[in-house]
Structure formats: C-alpha cells, structure tokens
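Each remark here refers to the structure printed beneath this line.
The values are calculated or read from the model by the stated rules, or taken from the named source; none is laboratory data. Being a predicted model, the structure only gives us computed values, none of them experimental. All Cβ positions, even for glycine, are placed from backbone atoms using ideal geometry, and neighbour counts span all protein chains on display. All accessible areas refer to the heavy atoms of the entire protein, side chains included, with ligands and DNA or RNA removed. Shrake-Rupley method; radii C 1.70, N 1.55, O 1.52, S 1.80 Å.
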Amino acid sequence: MNTTVAGAKGQLGQFYATYSHIIDRVARFIFGILLFAGVNHITGYMERLDSWVVVIGLAVICAFLPTPFLTLFGFALLLAHLSSLSLPVMGVVAVLFLIMFALYFHFTPGHTIMLLLVPIAFWFKIPAVIPIAFGLMGSPAFAYPIACGCIAYYSLRYIHTYAKTFDTSGLAGTMTRISTWIRELFTNKEMWLYIFAFTICLWAVCMIRKRDVAHSWKLATLLGALIDVLILAIGAAVLGVKLNIGVVLLGHLAAIIVGLILEYLFFHVDYKHRESIQFEDDDYVYYVSAVPKVKGNESEQREVKRLTHESETGRSGEDRTERPKNKKPSSQKSKGQQKGKGQQKGKGQQKGKGQSKGKKTPPPAKKQKWENGMTDELLMTQSLRRDLEKEL
Amino acid sequence: MDRKKVKIMTRMAMYEQGPGQRDIQISQFYKKDYASLHMWYALIWLTVGYVLLIGALFFAFSDQLFNHTQLSYYIRLGMGVVIVYVIMLLVYGIASRTFFNSKHTASRNRVKGYMRDVVRIERIYDRKEKR
C-alpha cells in the first residue's frame, strides 16, 4: 500500500517536473479565479466588475505575471468595489491595509496574500484550514498575517451587513457609521477569539511537527484542530459569543483533510524503517534519529545515456541505453557496421559502434525520449538540482 | 562536453535567475550599513502606521474622549500613547536589525558559493587554454 501510494506520488512528481511551466500557469489561473470570484462574492458592489468575464480575464492576465500581481489585482478589485459603495469606506479600508503594511508587511511583502486568503476561507466556512496549513508549511511568524486577515474579514463583513446604510446616508451619516465600525472592530469579541485561537493553533502545529516523534505531521494536524476547537468552544462560552458549532466542526474536519494531503505531498516518510543512532566526538554525544523518505517505485531502473561520444572519451564503445530488442540500432550506415551486422543479429546491444572501418565520425546527437516521457536535459537538470540541494 | 563544467554552469544559471540578483545587490552593502538602513526604514514605517492607528482610534472613540473634562486625563492618555510608541520603537528596532543582519549573512553566504563556482569555471577555462 505504502509503495503504491509512494509510486503515485513519484509519478505525480515526474509529471510536474515534465510540465511544470504549464502546471504553474494553470495553478495560478485557478487560484486567480478563486481569489477574484471570492472578492466579487464578498463585495460585488460594482456591477461592471461583478462578472465572470472580469474574473476570468484577470485570472488569465495573472497566470502570465509573477505571483505578487495576484495580490495587487485582488486588492485593486476590492477597492474598486468599495469605491462604488462609498469613497470614505474605500479610504478607511485602504488606510487599514496601509497600517497593516506599515507594521509588518513591508518586511515580507509576499505574505500580503493572507489579507485576501483568510477572508475567502472564512466566507467558505473553512477558516481553520489557514492556521493548520501554514503551521505545517510555514513558521510561527504567520500569526501576524493571519491576525490581519481576520481583521480584514470582520471589516468586510461589517461593510457587507451595513452596505445599504453606507450607500443611502449622507456624508455625516457615513462618517458616523465608519466611526461605529472601527469601534466595533476593536471591541469585537468573536474576532479577537478567532485571532487568539488561530495563533495558538498555528504555534502548536509548528511546534509539534518539528518534534522527534513518529507521525509528527499527523499529530500536529489533529492536535492543532483539537486545540482550536477547544479554545473556540470555551472562549465562546466565557465571552458569550454565538458560534455555529456544527459549521466550526465541519470546517476543522476540512482542515484535517487538507493537513493530511499536505503531509502526503511534502512529508511522506517511512516510520517503519526508522533508525536511531548514537555517536560521540570530543565535545558532544549525538543522538540522531533518521527516518527514510518514501520515494517512487524504486524497482524502476534508471537509464543513463552518455552525452559524449565514446571515441572522444576513449571509453569502450558500449551504449548503456536499453533499446527494445526488435528495433534495429540507430542509423550509422558505415561499411564497418554493415559488415558486422551478422555479428549483431540476435544480440540486443549494438557493439562496436566506434569500431567501423573508415572515418571515426561521431553519431549525430539525438534527443531521445525515455519511456517515462523525460528528455536528456530534464534528467540532467534533475540530477544537478539534487547535487545543488545537497551542497546548499 | 565537460560534465563538471555543465553542472557548475547550470547551478550558476539557476542561482542567477533565482535569488542571485537580489543577493548580489544586498551583498554590495556592508552588513552594518544594510541593517541600519533597513532598520531606519522599518522605524519610519512603524511611525506612519502608528500615527494612522492612533488617528483611527481617536476617530472611533472621539465621543468618549471628549466627554472627559479633566486635563490630567488627557496628559495621562498622551503619555500612554508616547510610552507605547517608544516601546514599539525599541522592539521594532531590535527585531528589524536582527532580521536584516541574518538576511545579509544568508545572502552573503549564497554569493560566496556563487563566486566559488565562478573561480572553478575560470580554472576549467585556464586548463583548456593551456592544452
């Protein structure tokens, strides 16, 4: 079972390695659609922008641009919708984002995507996915972006609830409403409860997954979800916050499934063959635990093709590539080969390639596609990547 | 084709297309200058963010603020705002300095690895020329 699962993962990895430039663009396109459709769903005040044509158009553009442009277009779309509702509201939301940027995001601009991801996760009722996923894949520093994302969500929810009031009342009414909004934001017990719960969940997941225990990622996912549910339940009871426990539990179930998927993709190890080693030097005693990674189907033989011609390298002219037995060897129609053809019959290999009479001409460099679909360059790039990773 | 040379050059090309451009820009600074410059940027951003935050809070709670008539209340409030600002300045200053110091060290180490590869390539070319 384990080897079948690992084999599937290996094939998935090979497929990605072959088509990564297409898959990356498609992934960015799909993520763009989710992001822009989410923003339209949350806001959607400007009718011209609230259409699938705009969503797909922006997603197509973002598929061919670097990832930060996704966040940029997402914010632009959000502010455009809010400007249609009320300019002071747009100004206040822009100032809110500016405060968040000034206090943290100028250190790590890449994390600004959380300001859009967290509200979208809340809107789809699966907010717990965020702290668990980023606890497994990221670091405890994600607590601040997640907190900012929660603040962004509750701001947008307030605007969504009182959108008509912003729209219909005059400037004085709008400013009063904005003042109430900011006050309620800072005194919103539900928001602070979620921020506290997600922060503790994130830190717990980060801590547990790094422990030297078997199935640490699974433990981190399950315990993180449990801690989050407990904090939310106890906090809701103590603070008098109304939470739909059924929805919360379903959301955490989805978060557990996402955590298990992430473990399968990024941390698939074989705990049955774990080794514990102890050794010492002059200064320390070392206790080392080594857990082998589960790779793809290891019974597949790797085919190595020499890129240099045998006569140049001076090695024996044995071609190590395995060819199907029925096919004739590659075309080198020199006299020497034809003469030796009788000798080659019945043998699966082509011997004496460099031994033909006459001139020693190197065979034309052919790109050979392997059975698994990879080209020579890709093989070399992969092996070089491995070397580079080892050295780094 | 020299396999070793191709390996090194591929590694160098991958680095140049990835973090290399940023790392080379960072490593042109002295560590102290780089960390100090970005620490000051961080403190300026902190000041901007803090002023906006206090402004937003003032706007939201202006009704409750203007209900008080005693001057001592406003003095205590002002001192509280200043003390929190000073504490945040200290925390941000230390955190940003540490962060940019480690960032400079990491990028410098990567550039060193890249320069080692440059030297290796030069040696390979020298050997070829001598032949």
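Quick notes on this structure:
- Accessible area in square angstrom per residue, the range A:189-300, 1.4 angstrom probe: 63
- Area accessible to solvent at B:Glu129, 1.4 Å probe radius, in Å²: 150
- R0 of 30 Å, Cβ-Cβ distance B:Lys5-A:Tyr19: FRET efficiency to nearest 0.05: 0.55
- Between A:Tyr19, A:Pro119, A:Phe75, the Cα set farthest toward the positive side of the dipole of the range A:1-152 (charges on each charged residue's Cβ, about the Cα centre) is that of A:Tyr19.
- Residue-wise HN-Hα coupling along the range B:86-100, computed from phi with Karplus coefficients 6.51, -1.76, 1.60 (Hz; x: Gly, Pro): 5, 4, 5, 4, 4, 4, 5, x, 5, 5, 5, 4, 4, 4, 6
- Note on B:Arg116 and A:Leu223: the model spin-label points, each 7 Å out from Cα along the C-beta direction, lie 3.7 nm apart.
- Relative contact order of chain B, taken over Cα pairs closer than 8 Å and 6 or more residues apart, is 55 percent.
- Of the residues A:Ile245, A:Ile208, ranked by 1.4 Å probe accessible area with the largest first, the sequence reads A:Ile245, A:Ile208.
- Carbon/sulfur fraction of accessible area - the range A:17-85, other protein chains in place, 1.4 Å, %: 73
- Selection from A:Val258, A:Val248, A:Leu222 lying farthest towards where the dipole of the range A:222-291 points positive, charges on Cβ: A:Val248
- Taken over the alpha carbons of the range A:86-268 as equal point scatterers, the Debye sum produces base-10 log I(q)/I(0) values at 0.09 Å⁻¹ of -0.35.
- Full-stretch length increase - A:Glu275, A:Ala172 - with 0.36 nm per residue and alpha-carbon distance subtracted: 30.0 nm
- Take the accessible area of chain A alone and of chain B alone, subtract that of the pair, and you get about 2400 Å² summed over both chains, using a 1.4 Å probe.
- Label sites at A:Tyr287 and A:Tyr264, each approximated as a point 7 angstrom past Cα along Cα to Cβ, lie 3.4 nm apart.
- Amide H within-cut-off set for A:Arg306, under 5 Å, with H built and near neighbours excluded: A:Arg320
- Shielded by partner chains, the range A:87-117 residues - at least 30 Å² of accessible area, 1.4 Å probe, vs chain alone: A:Leu98, A:Ile99, A:Ala102, A:Leu103, A:His106, A:Phe107
- Residues in the range A:90-105 carry Karplus couplings, in order, of 4, x, 5, 5, 4, 5, 4, 5, 5, 4, 4, 5, 5, 7, 8, 6 Hz; the curve used is 6.51 cos²θ - 1.76 cosθ + 1.60 with θ = phi - 60°, and Gly or Pro positions show x.
- Structural descriptor for the range A:86-268: relative contact order 29 percent, calculated from alpha carbon pairs under 8 angstrom and at least 6 residues apart.
- Residues in the range B:79-112 occluded by at least 30 Å² - accessible area, probe radius 1.4 Å, against chain by itself: B:Tyr92, B:Phe99
- Sites A:Leu65 and A:His160, calculated FRET efficiency, Cβ-Cβ separation with R0 25 Å, nearest 0.05: 0.30
- Residue-normalised accessible area of chain B, given per residue in Å² at a 1.4 Å probe: 69
- Label separation (A:Ala76 vs A:Ala37): 2.2 nm, computed from points 7 Å beyond Cα along the C-beta direction.
- Volume of the Cα convex hull of the range A:17-85, divided per residue and given in Å³: 66
- Here the range A:86-268 exposes an accessible surface that is 75 percent carbon and sulfur, computed with a 1.4 Å probe and the other protein chains kept in place.
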